[in-house]
1. Only one residue in L157, L168 is out of contact with any Phe, Trp or Tyr (no Cβ under 6 Å at 6 or more places or on another chain) and modelled with pLDDT of 90 or more. Which one?
2. Which members of the range 81-133 meet the condition of being outside any strand (DSSP E or B), free of Cβ contacts under 8 Å to residues at least 24 places away in the same chain and among the β-branched types (V, I, T)?
3. Give the number of residues within the range 134-170 that are open to solvent by less than 70 Å² (accessible area, probe 1.4 Å), in a strand (DSSP E or B) and of a type in the set (D, E).
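The values are calculated or read from the model by the stated rules, or taken from the named source; none is laboratory data. Here the structure is a predicted model, which is why all the values come from computation and not from measurement. Glycine gets a Cβ as well: all are built from the backbone with ideal geometry, and neighbour counts include every protein chain shown. Please note that ligands, DNA and RNA were not included when accessible areas were found on the heavy atoms of the full protein model with its side chains. Shrake-Rupley method; radii C 1.70, N 1.55, O 1.52, S 1.80 Å.
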Amino acid sequence: MKKNSILMVLFCTNFLIISCSQSNDESRRNDELSEQKEVKLNHDTDIKKRVESLTMSSVKDSAMKNTKEPIRTNKKTLFFNGEKYLFSGGKLKKGSEVRSISSSEKASIRGTFVVVSKIENITNVSIKNKLKIAKDTYRLTPSKTDDLMAVYKELMLNDSITKVELELVYSGKRNNAAEY
């Protein structure tokens, strides 16, 4: 019986040692797994934070790009002779430069008007010179050329005139050198 009791004690101690060592191994494995999970979670959160910061910075950058003020020029759009022109300056006068929007060509204002009228006497505008260039067509040089747009509008309001055009000179380049 003594032998049996010794065997029983040995068996129990072996069982306890084995079970305790396994639980330590399992707890170590569990600890390692939990540490790996924490590292992975930290890594995932770091990646998410980086992505969020990148998207936020790109959103901020694009928002800043959209809020920048456009380049403003002091050019205004004028409509005469049936076309739109860009003009930079105060008043339209003789020698002023305009650019046609449709053809992108530069022109200078000549300071005269070509009108088509059945009546020879045009009274509402002070005219310095009047020259007949064709049947019912006259070239008018106004006495005041400081604001040609006002003269153009006055001529347009005249019922006896069927067509009014402000003369432009499309002269191109003055020298032969190519400009790029």
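1. L168 is the lone residue from the list that is out of contact with any Phe, Trp or Tyr (no Cβ under 6 Å at 6 or more places or on another chain) and modelled with pLDDT of 90 or more.
2. The one that is outside any strand (DSSP E or B), free of Cβ contacts under 8 Å to residues at least 24 places away in the same chain and among the β-branched types (V, I, T): T123.
3. Of the residues in the range 134-170, the ones open to solvent by less than 70 Å² (accessible area, probe 1.4 Å) are 134, 136-143, 145, 147-152, 155, 158, 160-161, 164, 166-169.
From what is left, the residues that are in a strand (DSSP E or B) are 134, 137-142, 161, 164, 166-169.
Next cut, of a type in the set (D, E) only: 167.
Qualifying residue count for the region: 1.
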